[in-house]
């Protein structure tokens with residue numbers, strides 16, 4: 001996560017200038033597929049090998065997203081960007097469900113560590129096969145610019161990044177949006193990371209039930225991405241994002257008071273819709289806020305905020321759950337009940353992050369941001 005956060009704005013800037021988003025996307029996609037497949041060789045007990053291969057695969061996957069997202073303004077007009085982005089998110093999520101359904105019978109009915117390792121090879125091949133059409137048929141439209149005499153891409157990248165930072169006042173709305181995203185995305189990541197733990201601790205779900213729960217969330221995620229994508233084009237990105245965050249906050253409050261397994265599954269279905277809206281619409285808004293020729297650079301900053309969210313929110317949730325459990329034990333509760341009480345209290349921290357991000361988002365002027373992006377020349381931005 002740290003590596004991606006550091007390199008994304010730099011490499012994104014180079015990709016914009018050189019008109020080479022597809023090349024960077026190909027490199028990092030190949031990296032993700034190669035090291036995911038290589039996890040086949042991580043046998044039980046090979047912790048260092050497994051961790052190293054996983055980290056490299058994760059770097060490839062997360063970095064590839066920067067250039068994949070950066071192509072969005074090249075394939076969609078502003079009027080259809082919401083629908084295109086939402087549809088893409090929905091298809092991608094559906095592909096993940098299909099891959100899981102292909103692998104699941106092998107794990108359930110055959111079992112064994114060999115099948116688990118083989119599933120990683122199947123995942124890598126599935127990813128590579130369905131990524132191939134992009135590289136074969138999509139033409140990158142961004143022009144390739146020539147390096148000035150005596151310059152190199154790395155030095156030029158830092159200069160352009162520094163110019164963007166110095167002229168941040170031109171992109172004030174984007175900065176506010178990124179701060180809002182960093183905070184509310186913490187809430188989304190917390191919900192994703194701790195859903196299985198909440199299901200097991202509070203509602204007694206076993207492994208099979210948790211797998212069904214994950215599939216349910218992913219299926220409704222497909223529907224949510226598609227529906228919210230249509231809404232973006234009709235009522236605007238900010239209003240659509242606010243609706244998705246309000247729905248997410250309502251889901252979290254429902255979770256706090258829920259006492260049944262059935263309720264938990266219903267909450268998961270609603271959360272899948274809401275999370276798809278929050279994530280896919282956020283991606284769309286970056287595309288509308290980025291000036292021409294700077295989409296990968298802006299998605300690089302977006303990646304920094306996203307990677308930061310990946311550890312701040314979960315760390316806060318874990319700390320609250322652990323400390324609250326100890327406090328409840330000190331008040332006389334048994335270990336199991338105290339752990340459940342701690343988890344339930346920590347759920348409220350998810351709503352707190354979502355609400356705080358929503359408040360900051362309310363101050364983002366979407367119209368002004370879009371106007372500034374369209375009126376900013378790619379050379380002087």
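The values are calculated or read from the model by the stated rules, or taken from the named source; none is laboratory data. Predicted model, so just to flag it, every value in this text is computed and none were measured. As a convention, Cβ positions derive from the backbone with ideal geometry for all residues, glycine included, and neighbour counts pool all protein chains shown.
Out of the residues in the range 75-111 that are under 21 Å from the mean Cα position of the chain (by Cα) and either farther than 14 Å from residue 221 by Cα or at pLDDT below 85 (or both), which is surrounded by the most Cβ atoms within 10 Å (Cβ to Cβ)?
Quick first cut of the range 75-111, residues under 21 Å from the mean Cα position of the chain (by Cα) only: 75-76, 81-100.
Now drop any that are not either farther than 14 Å from residue 221 by Cα or at pLDDT below 85 (or both), which leaves 75-76, 81-84, 99-100.
Numbers: 75: 15, 76: 19, 81: 22, 82: 27, 83: 19, 84: 18, 99: 17, 100: 16.
Across the range 75-111, the extreme among qualifying residues is 82.
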>> I want to confirm something. Restricting to the range 27-45 and keeping residues that are touching a helix residue (DSSP H, G or I) at 6+ places or on another chain (Cβ under 8 Å) and part of a loop (DSSP other than H, G, I, E, B), which single residue is surrounded by the fewest Cβ atoms within 10 Å (Cβ to Cβ)?
In response: 44
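Does residue 233 satisfy being touching a residue at least 40 places away in the same chain (Cβ under 8 Å), under 22 Å from residue 307 (Cβ atoms) and either in contact with a strand residue (DSSP E or B) (Cβ under 9 Å, 6 or more places away or on another chain) or surrounded by fewer than 23 Cβ atoms within 10 Å (Cβ to Cβ) (or both)?
Working: touching a residue at least 40 places away in the same chain (Cβ under 8 Å): yes; under 22 Å from residue 307 (Cβ atoms): no; either in contact with a strand residue (DSSP E or B) (Cβ under 9 Å, 6 or more places away or on another chain) or surrounded by fewer than 23 Cβ atoms within 10 Å (Cβ to Cβ) (or both): yes.
When the stated conditions are applied, residue 233 does not pass them.
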>> Condition first: over 18 Å from residue 68 (Cα atoms), over 23 Å from the mean Cα position of the chain (by Cα) and without any contact (Cβ under 8 Å) to a residue 24 or more places away in the chain. Now tell me which residues in the range 120-146 satisfy that.
In response: 146
>> If I filter the range 141-155 for residues that are assigned to a helix (DSSP H, G or I), surrounded by 13 or more Cβ atoms within 10 Å (Cβ to Cβ) and at pLDDT below 90, do I get at least one hit?
In response: yes
> Name the residues in the range 204-222 that are surrounded by fewer than 21 Cβ atoms within 10 Å (Cβ to Cβ) and in a helix (DSSP H, G or I), would you?
Replying inline: 207, 208, 209, 210, 211, 212, 214, 215, 216, 218, 219, 220
> Any residue in the range 243-251 that is modelled with pLDDT under 90 and either part of a helix (DSSP H, G or I) or farther than 29 Å from residue 99 by Cα (or both)?
Replying inline: no
